[in-house]
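A short write-up of the structure that comes next.
The values are calculated or read from the model by the stated rules, or taken from the named source; none is laboratory data. Quick caveat, the model's predicted, so the values are computed rather than measured. No Cβ is skipped: glycine too gets one built from the backbone with ideal geometry, and neighbour counts run over all protein chains shown.
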Amino acid sequence: MSTPILQARNVTKTYPGVKALDNVNLTLAGGEIHALLGENGAGKSTLIKYLTGVHTADSGSLLISGAEQTFSNPSESTEAGVGVVHQERNVIREFTVAENIVLSRTPKKFGFIDWKKVNSEASRCLAMLDFDIDPSTPISKLSSAQIQLVEIARALYTDTKVLLLDEPTASISDAEAAKLFKVIHRLKDDGAAILFVSHKLDEVYAHCDTVTVLRDGKTVLSDAALADHPHDEIVNIMVGRSLASLVTPERSVNTAVDPVLELRNVTTTAGHGGISLDVRPGEILGLYGLVGAGRTELAHAILGRERITEGELLVNGKPAKIRSVKDALHDYGIGYVTESRKEEGVFLDANITRNIAATTWGKLAGPLGVVKVSDERALVEKYVQELGIRISSQDQLAGQLSGGNQQKVSLAKWLAADPKILIIDEPTIGIDVRTKRSFYELIWGLADQGLAILLISSDLAEMITLADRIAVMDSFTLAGTVENTRHYDSMSQDVIRLIHAKAPSH
Amino acid sequence: MKLKLPASLGSQYLVLLATIVIGAVVLGISSGGNFFGPVSMQTFFQFLAVPILIGLAQMITLAVGQLNLAIGAIGGVSACLAAVMVADWGFNPWLGALVCLVVGAVAGLANGILVVVTKINGFIVTLATMTVLLGVQYALVNTRTISADNWKPVAALGKASVLGLPAIFVIAIVVAVLVGLAFKYTTTGRHLLASGDNEHAATLAGISNDRSLTIAHGASGLIAGFAGFVSFASLPGVNQSVGGDWLLSSFAAPIIGGVSLTGGTVAVFGTVLAAFVVRLVDSARAEFQLAPAWVNLVIGAVILGTVALGRLRENRESTKAGMLRARVATHRINAPHMAETAAKEASL
Amino acid sequence: MSNETSPAGAAKRRQGIDFKRYLTSPQFFLVLIIVVLVGIIGSAKPNAFNGAFVIAPLLTSVAIFTIVGLAQMMVLSIGQMNIAVGNMAAFGAMFTGLAFDLWKMPFIAGLLVGLVAGALIGALTGWIIAKTGVNSFIVTLAMSFALLGLIPTVYTTLSPGSAFTAKPEGMEFLGRGTFLDVCMAGYCGPAAIPVMVVPVLLVVLLVGGLYSKTKLGREILLTGANIKAAELSAIPTNKRVVLVHAISGALAAFAGILLATSTGSFTPAIGNEFMLQSFLGPILGGTLLAGGYISVTGTFLGITLALLIRRGLELFGAGIEMLNVFLGLILLVALSAERIRTVRRRKPAELPSETPPDQPADRQALSSGATA
Ligand SMILES: Nc1ncnc2c1ncn2[C@@H]1O[C@H](COP(=O)(O)OP(=O)(O)OP(=O)(O)O)[C@@H](O)[C@H]1O
Ligand SMILES: [Mg+2]
């Protein structure tokens, strides 16, 4: 075997109080796609940040093409041919696509920026991705999936020998992911080494050759051939014990009951037209669609954050007038678990108590609005137990929790509010396998308790697992609603057909 | 420099230009044409230099997402130090002029380094340095007014004309053009904007935010020192009130000109135009003999109005886009064959 | 997970950190500096402890400026700022002055008029911020200049000497009275403590209680921590923003009125010195500019320190310009403490509990401030 392109040896990295990486080893060879797997908080992103000079490690060494290197900042790793797309989006929103792509090494002539070259270089990178967009478009006009593609183009700008991708497919559609994989395979054929992080094991098996698994910062499976380790085994290695497979419960919804939430031919300021939906108590209605189909916006319209201009919104059969999330909760018992937990779901700098109790102070407050601390803590404790949120104490700040636990906090806040209708928006983006399962069980449990659940998800498999009925949306209209038979193949065909039937014909 | 403006910004410049023209015409009429007389025009442009410069100085700190409350104090101290050096200590007047720039740059760099090293919010740092500098300014001149007769050659520059315009106004415009070019064509300029827009992303692209902050504060101080020099050259005398009324206009010009407070944008042209508006308000006060307090009131209201109108327009545009989309959506449901017409309409 | 520890271990760890945290908290730091300073001033100028002539005026200004600091702290708690504190103080005081001078109102009624005026101008400011979404710095800056234009105009139009000087009964007692004037059963209080301290203490307790105990305070802090998340958690954020600015305005007005009662006349110059001080107190005391965390005790201590230094410098004969220089320098030097603190707050896991459970609940407001 030739010298690997990138080799990390015995890397240890501690954040204050957390050992994020503990003697980790990783070898990336040219011409292979290497999967890096592990649960939330296992240390995957930390490893990538070490490999790209964003963070330095406490100990360990890094070899690029056999030569020892230490990156003390990100530009050094770029120079060495390591391209990266981090887990979070990192773009300059006020700059154009082109300038973002060349930012780390802007082309100059006589010491001044050569704008012509900036655009042509950017076009070259975009062409590699088959990404058809004018390089002079400002980033602020792009969707988050498009921004993701721009970041990939940026990673291709400098001569990239190694490409590190941290959950690149978490928030883009399947079609866009397919495009991405095409590029990855092309790079692989050109001899580049690719590291691929994902919680979606299906795509890992479809595209990766080798695998490394991290658990609690330790390498528990190192540079193994993926083909030797079947799906269930990998899951067990990640989790550290054998995980029973998920059993879908027998679900039956009482169709005799009237719907609690009903939309009749609704048009909104966000741009929806003629949307009709209904959800019964105890039912999970899935709202499926591609990214940008207007599902989150529809949730916002129900919550009064967008205005309903025509049609009717009925709660318990009566027309509802909702102008804010507060109205939605207090007057109609509607709760909303947001899709972007870090920005909107949790208060990163506030402790667990305040995070979960946020929706309940109205109930807890005595005369003069005084909240009794012991009541507050007891209530929070109840939900921490019920959802199995892993915290060291209620005084821990939410920002210190792993992604999955933050998501649970965000959900707990709404369960504590005791809603009758719960809208859950993309609950499992970037969530590991085990947490995902516990979420599924939780959601079924809530429906069994009689909650009406409107579940928004872009993950068709998840939708087919969870929902009782699936409403399919496409460009702000409803393409149709289908009863879920839970047979993946036939259901996915039905749903895809609905989307295509609605697409404008030319 | 190629002026390719986004449509919304372009219309903002048009509004500003229209405001300036209408304001000038109204002033011209109400003064019976005197406003357009040579003497009056000369003063108008002469005292336009300072609003332009302090607007630019503030704009540069806004570009990196910082505020600089010390601009007036920096300008004041630099002018007062120059005056004291020339009048009391017998230095060459031109050396005094140079001192203005040096003091400005040093004070600005000090701000930048304090922000970087202590990691204290720039607002607080400049609030503190402003207080310190105001104390220094007072210590320098006390209650005296040092007459410009002490530095006649420099004062002559303050009154000189180039191509019929006051020299100091021309200098201010040159500074503005240089700043504009620096933000468009140098990597340093782009790096300031990148740091101001998204610090983390800038770091990942190999940009040093510390460097950006230091440079921005340094440049801001330098230009504030330049404004101090302009005051030194053009005022009949220098006292502790120099720079005292710069705070509001330093924010007014860039903000009315379209610069966002959150960093990542600059608008040199807009800032210069807005400085015209600020100057017009001041002229109007002189014309109608109102109390100086009214200038503040009007400028405050204009700032609020501009920013609020901008917000309103944004909201209206997104609502309009949504309504159009809804029309397309409803069409597609009710009459599929009409969808295309509606879609075309929407794309217009 | 590495974050998980046995309950006993967690408790032990927390204890150790609590102790360390206590010693490194800005509040402790402030107390330490204050004690040292008092020592220095006292040994250098023994006459500095003359109750009626040194301590009472010092306490009066501490009382007034603590209110000013709280007015700013409230707004900081939602992650905004109020550049117009001084002008709102002048605005409120102007109405009280008007009420006394022109409308011949009794003391309490006039006081209320001023407070209401302050609350209204604050509410207007908050409403503009909430409605337009314009940055609070800009709105309050514009507001401050608008008021700067308005107030002197009103004074010059309505009073010959540009000041309202009527003194209804009670004003003298609140503004200049000390406990020497409060006699009970033939025993009078010390001359060193001004009467003003009582209402101010009451306000401090109320604000502390608001943040540590009530639904409202919690909602305000979460609004400051992340306004979008707060709105999506069914908190009416717009109303909270307006409310906070209204309270800030009322507090500013209260401070302005107190200052006027202590100097004896209502003038447009009231509040001129408030802006810098208003930031000094809360920030020195550990309130975060970014919102979401406040400390009432810290604000009080920060103000005390700043005024003590001021008074000390005056005792040593420093001129007004030196006062400014020093005030600015203190702000810079002492603020490095905030930096250390912020870094500490971002550290995971070893992070201390902000409100230790073993601490009696009723002391929270004053010991550790309220926490988001
Ligand atoms: N900046 C930071 N400061 C302190 N601790 C951190 C920081 N970033 C990550 N951690 C901690 O380090 C550990 C590893 O985090 P990391 O982000 O590498 O996980 P991950 O495997 O990428 O998880 P995910 O799948 O959720 O992205 C976690 O316990 C996390 O809480
Ligand atoms: Mg990660």
Looking at this structure, is C:A253 farther than 18 Å from C:A119 by Cβ, in a helix (DSSP H, G or I), among the aliphatic types (A, V, I, L, M) and at pLDDT 90 or above? no
Determine, yes or no, whether A:A20 is touching a Gly at 6+ places or on another chain (Cβ under 7 Å) and within 16 Å of ligand 2 (Cβ to nearest atom). yes
Identify, please: which residue in segment A:15-36 is near ligand 1 (Cβ under 9 Å from one of its atoms) and farther than 18 Å from A:G399 by Cβ and is, among those, nearest to the other protein chains (Cβ to nearest Cβ)? A:K19
Does A:L415 satisfy being under 30 Å from A:S242 (Cβ atoms), more than 16 Å from ligand 1 (Cβ to nearest atom), buried (at least 18 other Cβ atoms within 10 Å of the Cβ) and within 14 Å of chain C (Cβ to nearest Cβ)? yes
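For A:N10, state whether it is touching a strand residue (DSSP E or B) at 6+ places or on another chain (Cβ under 8 Å) and in the same structural domain as A:Y205 (by TED's automatic domain parsing).
It is true that A:N10 is touching a strand residue (DSSP E or B) at 6+ places or on another chain (Cβ under 8 Å) and in the same structural domain as A:Y205 (by TED's automatic domain parsing).
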In segment A:372-400, how many residues are free of Cβ contacts under 8 Å to residues at least 12 places away in the same chain and crowded, with 21+ Cβ neighbours inside 10 Å? 2
Might you let me know whether segment B:104-119 holds any residue that is modelled with pLDDT under 90, surrounded by fewer than 18 Cβ atoms within 10 Å (Cβ to Cβ) and at the interface with another protein chain (Cβ under 8 Å from one of its Cβ atoms)? yes
Pull up segment A:7-19, narrow it to residues that are under 28 Å from the mean Cα position of the chain (by Cα) and either under 17 Å from A:L195 (Cβ atoms) or of a type in the set (K, R) (or both), then point me to the one that is surrounded by the most Cβ atoms within 10 Å (Cβ to Cβ). A:V11
Restricting to segment A:43-91, what's the tally of residues that are of a type outside the set (D, E), out of contact with any strand residue (DSSP E or B) (no Cβ under 9 Å at 6 or more places or on another chain) and within 10 Å of another protein chain (Cβ to nearest Cβ)? 5
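Taking the options B:R211, B:R279, B:R190, name whichever one is surrounded by fewer than 20 Cβ atoms within 10 Å (Cβ to Cβ) and not acidic (D, E).
B:R211
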Give the residue, chosen from A:A155, A:A175, A:A127, that is surrounded by fewer than 19 Cβ atoms within 10 Å (Cβ to Cβ) and either under 30 Å from A:L6 (Cα atoms) or within 16 Å of ligand 1 (Cβ to nearest atom) (or both). A:A127
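Within 14 Å of chain A (Cβ to nearest Cβ) and either within 17 Å of B:L69 (Cα to Cα) or without any contact (Cβ under 8 Å) to a residue 24 or more places away in the chain (or both): which single residue out of B:I215, B:I223, B:I207 fits that description?
Sole residue among the options that is within 14 Å of chain A (Cβ to nearest Cβ) and either within 17 Å of B:L69 (Cα to Cα) or without any contact (Cβ under 8 Å) to a residue 24 or more places away in the chain (or both): B:I207.
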May I ask you to list pairs of residues, at least six apart or on different chains, whose Cβ atoms are under 9 Å apart, with the first in segment A:154-167 being more than 14 Å from chain B (Cβ to nearest Cβ) and over 16 Å from A:G191 (Cα atoms) and the second being within 16 Å of ligand 1 (Cβ to nearest atom) and assigned to a helix (DSSP H, G or I)? A:L165/A:I48; A:E167/A:K44; A:E167/A:S45
Selected residue (criterion: farthest from the other protein chains (Cβ to nearest Cβ)) from residues of segment C:190-203 that are in a helix (DSSP H, G or I) and surrounded by fewer than 21 Cβ atoms within 10 Å (Cβ to Cβ): C:V197
Search result, residues across segment B:288-309 that are away from chain C (no Cβ under 12 Å) and in contact with a Phe, Trp or Tyr (Cβ under 7 Å, 6 or more places away or on another chain): none
Matching residues, segment C:294-336, being outside any helix (DSSP H, G or I) and either of a type in the set (S, T, N, Q) or within 14 Å of chain B (Cβ to nearest Cβ) (or both): C:S295, C:A318, C:G319
Suppose we keep only residues that are more than 23 Å from A:K49 (Cα to Cα) and not polar (S, T, N, Q) within segment A:160-176. Which one would you say is farthest from ligand 2 (Cβ to nearest atom)? A:A175
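Let's see how each residue does on (1) among the basic types (K, R); (2) within 27 Å of B:A83 (Cβ to Cβ); (3) within 14 Å of the chain's Cα centre (by Cα):
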| position | (1), (2), (3) |
| --- | --- |
| B:G237 | no, yes, no |
| B:L247 | no, yes, yes |
| B:S260 | no, no, yes |
| B:T265 | no, no, yes |
| B:T271 | no, no, yes |
| B:V277 | no, no, yes |
Looking only at segment A:182-190, decide whether some residue is part of a strand (DSSP E or B) and of a type outside the set (A, V, I, L, M). no
